[in-house]
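**Q** Once you've had a glance at the structure underneath, I'll fire off some questions.
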């Protein structure tokens, strides 16, 4: 089930939010009456090293997504208007980083103009993981390639690549001072997250974690993961690291507070969410 689309702006390591107890049965994350998870589709904006960086680019508009009706030919979403209202017009974005190349993370890389897919952010370089790009490039050549995800690669990634605007990067690459990429493969073969250093270190972890339920049981992986066992191992390691280093964890699809810290109890790991203001 899809939650609201949104844009969240911030700077890495700026302040340490207050915590509130885990409430994974709340309306923010679970629809208990329908036995469904509730997810957000959203981007994050970071300002670091004099750069404006967009992390992931949602679903986009006018994209052919027949296998996911909620994403098919979306229009008038207001995404770019909301970016502009927080002081980030499209032309001001310096970098667009896609944690991985699923359709809900690449859509606004391009927009339809005179029948062609052109870059939405005209002054930006676009970045994604080298292994991630190579995997989807290979999938695109396979007769049995992923029919759900490949349309996004073809209309939202390849046009950027063919325009010479896509940089393929590896873990350890710095988007800007204090923003370093880290490997989070499993959900996809080349997914990368972003470690933000500062007074309150954080990890933007893409789809390594979809829901707080996976904190309570890290072995649970979504069926859309390419390697479910590896995704679980990577998630467990990420969560343990968050506990040991008191990291703020920012998954791609959390609603409500959008982020969490993780604590260890006698019964296992639990999420703690910043208080809403």
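The values are calculated or read from the model by the stated rules, or taken from the named source; none is laboratory data. Computed from a predicted model, the values in this text were never measured in an experiment. As a convention, Cβ positions derive from the backbone with ideal geometry for all residues, glycine included, and neighbour counts pool all protein chains shown.
**Q** Of all residues in the range 187-202, how many are part of a loop (DSSP other than H, G, I, E, B) and either surrounded by fewer than 22 Cβ atoms within 10 Å (Cβ to Cβ) or free of Cβ contacts under 8 Å to residues at least 40 places away in the same chain (or both)?
**A** Residues of the range 187-202 part of a loop (DSSP other than H, G, I, E, B): 187-191, 197-201.
Those still in the list that are either surrounded by fewer than 22 Cβ atoms within 10 Å (Cβ to Cβ) or free of Cβ contacts under 8 Å to residues at least 40 places away in the same chain (or both) too: 189, 197-201.
Number satisfying all stated conditions: 6.
**Q** Might you let me know whether the range 204-216 holds any residue that is assigned to a strand (DSSP E or B) and modelled with pLDDT of 95 or more? Break it down into steps so the answer makes sense when it comes.
**A** At the first step, the residues of the range 204-216 found to be assigned to a strand (DSSP E or B) are 204.
Among the residues that remain, those that are also modelled with pLDDT of 95 or more are: 204.
Yes: the range 204-216 contains one or more residues that are assigned to a strand (DSSP E or B) and modelled with pLDDT of 95 or more.
**Q** Sticking with this structure for a sec: Taking the stated definitions as given, is residue 240 outside any strand (DSSP E or B), at pLDDT 95 or above, out of contact with any strand residue (DSSP E or B) (no Cβ under 9 Å at 6 or more places or on another chain) and surrounded by fewer than 22 Cβ atoms within 10 Å (Cβ to Cβ)? First the steps, then the outcome.
**A** On the way: outside any strand (DSSP E or B): yes; at pLDDT 95 or above: yes; out of contact with any strand residue (DSSP E or B) (no Cβ under 9 Å at 6 or more places or on another chain): no; surrounded by fewer than 22 Cβ atoms within 10 Å (Cβ to Cβ): yes.
Judged against the criteria, residue 240 is not a match.
**Q** Further question on the same structure: Look through 148, 106 and report the one residue that is at pLDDT 95 or above, more than 29 Å from residue 195 (Cβ to Cβ) and either within 18 Å of the chain's Cα centre (by Cα) or crowded, with 24+ Cβ neighbours inside 10 Å (or both). Please lay out each step first, then the result.
**A** On the way: 106 fails: more than 29 Å from residue 195 (Cβ to Cβ).
Matching residue, one of 148, 106: 148.
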